[in-house]
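K.L.:
Below is one structure. I have some questions about it.
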Amino acid sequence: MPVVMMPESGRLYTHVNFTARSSKEGSKEQLFFAELYNCGKRRAPGGFLVTCCEPLGSDSTVGHKGFQVDGASALRKNVDFARCFACGLVTRHPRGEKYIAGHCNVPHIYTSTC
């Protein structure tokens, strides 16, 4: 699964998809989205905090890195809370404002992200 790291307001965040399954017999794998704040080991033992972890359903969306902005869903200038502009088409995201980073729609602002 893809892992995308991005700077946002002087902080470093990571977006990742993963699959998980309940321990109940016969359960099926579910695709999840997680956003991690890379805060360092002084703040958290593992060096990161989970800021969002959501199961993804049929209403999930893909990343919009490199897409042209139409401005229709922008709530503030240069910010679109409905999309992630740091991730590409492979990374799935929950709809809405559930995650913090990647919403800046200034062209090429995330071009140096992994």
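The values are calculated or read from the model by the stated rules, or taken from the named source; none is laboratory data. Remember, it's a predicted structure, so these values are computed and weren't measured experimentally. For neighbour counting, all protein chains shown are included, and Cβ atoms are generated from backbone atoms with ideal geometry for every residue, glycine included.
K.L.:
Can you work out which of the residues in the range 1-26 that are out of contact with any Ser or Thr (no Cβ under 9 Å at 6 or more places or on another chain), of a type in the set (Ser, Thr, Tyr) and outside any loop (DSSP other than H, G, I, E, B) is farthest from SER60 (Cα to Cα)?
P.N.:
Filtering the range 1-26 for residues that are out of contact with any Ser or Thr (no Cβ under 9 Å at 6 or more places or on another chain), of a type in the set (Ser, Thr, Tyr) and outside any loop (DSSP other than H, G, I, E, B), the one farthest from SER60 (Cα to Cα) comes out as THR14.
K.L.:
Would you tally the residues in the range 8-21 being closer than 20 Å to CYS104 by Cβ and surrounded by 15 or more Cβ atoms within 10 Å (Cβ to Cβ)?
P.N.:
So the answer is 6.
K.L.:
Would you pick out the residues in the range 60-87 that are at pLDDT 90 or above and either small (Gly, Ala, Ser) or loosely packed, with under 13 Cβ neighbours inside 10 Å (or both)?
P.N.:
Hits for the range 60-87 are SER60, ALA86.
K.L.:
Could you check LYS24 against (1) over 10 Å from the mean Cα position of the chain (by Cα); (2) at pLDDT 90 or above; (3) surrounded by 13 or more Cβ atoms within 10 Å (Cβ to Cβ) and say which number it fails?
P.N.:
(3)
K.L.:
Additional query: For the range 37-66, give me the residue count where each residue is over 14 Å from CYS87 (Cα atoms), in a strand (DSSP E or B) and either in contact with a Leu (Cβ under 8 Å, 6 or more places away or on another chain) or touching a residue at least 24 places away in the same chain (Cβ under 8 Å) (or both).
P.N.:
Final tally of qualifying residues: 9.
K.L.:
In the range 27-36, which residue that is under 19 Å from the mean Cα position of the chain (by Cα) and free of Cβ contacts under 8 Å to residues at least 40 places away in the same chain is surrounded by the most Cβ atoms within 10 Å (Cβ to Cβ)?
P.N.:
Filtering first and then ranking leaves LEU36.
K.L.:
If you don't mind, there's one more thing I want to ask. Working only within the range 94-109, note down all residues that are touching a residue at least 40 places away in the same chain (Cβ under 8 Å) and among the aliphatic types (A, V, I, L, M).
P.N.:
Selection gives ILE100, ALA101.
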